[in-house]
Amino acid sequence: MSTLFRVAAGSLNLTSLDWEGNKNKMVTTLTRFRHSMTNDMCDTSDCVTRTVPGILCLGELCLCGPGCEDMFSAPWLCDRSFEVLKSLLPHTQNMFVTFGLPVCYEGKVYKGTALVANGQLLGVHCASNLKNTGIHYEARWFTPWSGAPVQITRDGLDFVLGQSEYMFHGLRLAVADDWEECQQAPLPASQSNIDVLLVCAADAFELGRDKLIRETLLECSRIRSCCVVFANLVGNESGAVIHDGGSLIAIQGELVARNKRFSYNDVSICSASLVSSSDRQIHVSGPVCNDLIETWESSANVCFEEFARSVPLGLFDYLRKSRSNGFALSLSGGADSASIAVMVRLMVHFGLKHADFAEKLRYIPNVNKLLSCDASAGAEAEQKLVEQLLVTIYQATCNSSSVTRQAAAEVAQFTGAKHYECNIDQIVKAYETMISNAVGRSLDWKTDDLALQNVQARTRAPGVWLLANLDNRLLLSTGNRSEVACGYATMDGDTCGSLSPISGIDKAFLRQWLQWMEHKGPESFQPCPVLGLINKQQPTAELRPGEAHQTDETDLMPYAVLNLFEAALIRDRLSAKAALIRVENEGRTQGWSFSHEDYSAWLKKFLARWNVSQWKRQRGAVGFHLDQYDLSPGSWCRFPILSGGLQE
């Protein structure tokens, strides 16, 4: 005797506290999954169509959104989540479905996964392992479950709280707290001797980590001889975190279904038809697709490819969920601002390949007529849409060069941005004259270097803010993580913005990515030879007179060295002496010719700049989390604003 059933994982693009919006996406998912549960059964004489049982796994905390933060402590949030859960029960006939929600019990809040079958709430699994590393602070809101299951009644529903394993059409199903739990050996008692393991996730995207997740889940399914269903969210749900939507289904070490990552659609489902035999062995019904891993995901440049997809998706979701009409960008002719302009073009390029991209932008004035174009419309249509979504401005002073002016203009032309050029020298001179008269002396580069640099950066801010506000656009800040670490930015100048798309990535990686974009670029997108104008320059703020030959690395240190010190001192929290030894050893491995005195001076400079710049990091615009660590005090790295420890 064997049982045929359908199993699926849904990738949903959610928004925290968007009750109706999130509910509608789940109803859509349930409806689509129900259609896939029909199966043609044929014998020698006749064929009949029947509906087979279905198992659907949805992402973590999907009812309210995983990014609610301190609102998880509000009792009404748990109540409202339960109300939405009840309203979804009638949509689950002949299905076993997971819905994530916070649950309040005896004054404590638990991270729960509701287990629903045939329109009835069977129970709620409560996580015992909470994520408290990296950007995660789940123990701030949730209590780990440590007790035995308990029968409770809420709003007229009787169910078991704290139970993880259930039966459905003869199958044993269990819920895991997280994909990392699947690495454990020996197996947790709740996950032994099971047929289907459901992993409900809201996993933050990090460059290069997808392969580890995939291999972990495949190995889990092989060792446990079971089916593993992993459901992750997709998109920018609440600001800093991007979810890649890489939901998958694995059976006995084989990948049998997977959603495409970085989708712009609100709902994506991967599913498979499975057969459970009388000896409780599960097999795929029908052929298995062997092209589930896209070619770019296996390339040597996978991190470049992921960067080219994750940031554009984050930009798109932040744009539409904030109901902004586009972006404004101060285009300097340097690497940082050029990379962001290219990201907006990539957003349009990848977005037009998805069915509901156009619908999501129809609220923007003057965009409707352009949204009839499809993916086959090509580069010209993409540029026309970028022209409506991105406005850039180059604001020159007497210290600006013709090289950066040309680079800014050509990058804007390549991307399709509406571009302006202004000269702000008169405004800068007016500020200098005003303060010179006030203090009773002339300002001079020998005595007032930093002040004269900063006034130029700050004078650019009001103009680009005005340009952004004219059309309700998001102003994009251009700082990268290397600058954030050293405070190498002018507050109320180049730090101005609502969103800082590249603040989570270091400058060395960014420069390598721009070179890759110049010569190759992501799959399906053309190379960008115009970036050669950017890549041949030494990064410079262009705030000192030309004869000073100012460069970023002269002001700071080589970016590759800066990244090593940042990783050693901040990520790995080594002492200064240990960090110096590690960086010098790495320098010898790389064949660098720097001296011990060079490294020592750069170490002191890094520590001094880091120590006094925490207030800048706390004032920075929201940035995307892109790898294992970032420097945002709101997500990963908290440091005292005032301290003296690093001076020693």
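When you scan the range 562-577, do you find a residue that is open to solvent by 30 Å² or more (accessible area, probe 1.4 Å), over 29 Å from the mean Cα position of the chain (by Cα), at pLDDT below 90 and aliphatic (A, V, I, L, M), even just one?
Checked against the condition, which is being open to solvent by 30 Å² or more (accessible area, probe 1.4 Å), over 29 Å from the mean Cα position of the chain (by Cα), at pLDDT below 90 and aliphatic (A, V, I, L, M), the range 562-577 yields no hits at all.
Listed here are the residues, each with its yes/no results for (1) among the basic types (Lys, Arg); (2) in contact (Cβ under 8 Å) with a residue 60 or more places away in the chain.
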position	(1), (2)
Phe350	no, yes
Gly378	no, no
Gln383	no, no
Thr392	no, yes
Cys398	no, yes
Lys418	yes, no
Thr433	no, no
Arg460	yes, yes
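What pairs can you find where one residue is in the range 568-588 and under 26 Å from Thr133 (Cβ atoms) and touching a residue at least 12 places away in the same chain (Cβ under 8 Å), the other is assigned to a helix (DSSP H, G or I) and open to solvent by 90 Å² or more (accessible area, probe 1.4 Å), and their Cβ atoms are less than 6 Å apart, with a gap of 6+ or different chains?
Ala568/Arg582
Helices (runs of 4 or more DSSP H) wholly in the range 367-447 with at least 3 residues that are over 18 Å from Ala341 (Cβ atoms) and modelled with pLDDT under 95 - which ones?
none
Any idea which of (1) touching a residue at least 60 places away in the same chain (Cβ under 8 Å); (2) open to solvent by less than 30 Å² (accessible area, probe 1.4 Å) is the one Ser271 doesn't satisfy?
(2)
Looking at Leu292, Leu255, Leu218 in this structure, which one is touching a residue at least 24 places away in the same chain (Cβ under 8 Å), under 14 Å from Leu198 (Cα atoms) and open to solvent by 10 Å² or more (accessible area, probe 1.4 Å)?
On the way: Leu292 fails: under 14 Å from Leu198 (Cα atoms); Leu255 fails: under 14 Å from Leu198 (Cα atoms).
Just a single option satisfies the conditions, and that option is Leu218.
How many of the residues in the range 634-648 are part of a loop (DSSP other than H, G, I, E, B), surrounded by fewer than 15 Cβ atoms within 10 Å (Cβ to Cβ) and not polar (S, T, N, Q)?
6
Got a number for residues in the range 519-533 being open to solvent by less than 80 Å² (accessible area, probe 1.4 Å) and more than 18 Å from Gly378 (Cα to Cα)?
4
Kindly establish whether Glu359 is within 20 Å of the chain's Cα centre (by Cα) and either outside any loop (DSSP other than H, G, I, E, B) or charged (D, E, K, R) (or both).
no
Any residue that is among the charged types (D, E, K, R), in contact with a helix residue (DSSP H, G or I) (Cβ under 8 Å, 6 or more places away or on another chain), surrounded by 20 or more Cβ atoms within 10 Å (Cβ to Cβ) and within 27 Å of Leu352 (Cβ to Cβ) - is there at least one of those in the range 477-491?
No, the range 477-491 contains no residue that is among the charged types (D, E, K, R), in contact with a helix residue (DSSP H, G or I) (Cβ under 8 Å, 6 or more places away or on another chain), surrounded by 20 or more Cβ atoms within 10 Å (Cβ to Cβ) and within 27 Å of Leu352 (Cβ to Cβ).
State which residue pairs qualify: first residue at positive phi and inside the range 475-489, second residue of a type in the set (D, E, K, R) in any location, beta carbons under 7 Å apart, and separation of 6 or more residues or different chains.
Gly487/Arg609; Gly487/Lys616
Just the residues that are under 16 Å from Val311 (Cα atoms), touching a strand residue (DSSP E or B) at 6+ places or on another chain (Cβ under 6 Å), part of a loop (DSSP other than H, G, I, E, B) and of a type in the set (S, T, N, Q), please, taken from the range 233-264.
The one that is under 16 Å from Val311 (Cα atoms), touching a strand residue (DSSP E or B) at 6+ places or on another chain (Cβ under 6 Å), part of a loop (DSSP other than H, G, I, E, B) and of a type in the set (S, T, N, Q): Ser263.
When the residues of the range 131-156 are narrowed to those that are touching a Lys or Arg at 6+ places or on another chain (Cβ under 7 Å) and modelled with pLDDT of 95 or more, which ends up least open to solvent (accessible area, probe 1.4 Å)? Write out each step before concluding.
First pass over the range 131-156, keeping only residues touching a Lys or Arg at 6+ places or on another chain (Cβ under 7 Å): 138, 142-143, 155.
Going one step further and asking which of them are modelled with pLDDT of 95 or more, we end up with 142-143.
Numbers: Phe142: 8, Thr143: 40 Å².
So, considering only residues that are touching a Lys or Arg at 6+ places or on another chain (Cβ under 7 Å) and modelled with pLDDT of 95 or more, the one least open to solvent (accessible area, probe 1.4 Å) is Phe142.
Which number in (1) of a type outside the set (Asp, Glu); (2) part of a loop (DSSP other than H, G, I, E, B); (3) in contact with a Lys or Arg (Cβ under 9 Å, 6 or more places away or on another chain) marks the one condition that Arg544 misses?
(3)
The values are calculated or read from the model by the stated rules, or taken from the named source; none is laboratory data. Bear in mind the structure is a predicted one, so any value in this text is a computation, not a measurement. Every residue, glycine as well, gets a Cβ built from its backbone with ideal geometry; the counts of neighbours run over all protein chains shown. Quick note on the areas: whole protein, heavy atoms, side chains included, nothing else; ligands and nucleic acids left out. Shrake-Rupley method; radii C 1.70, N 1.55, O 1.52, S 1.80 Å.
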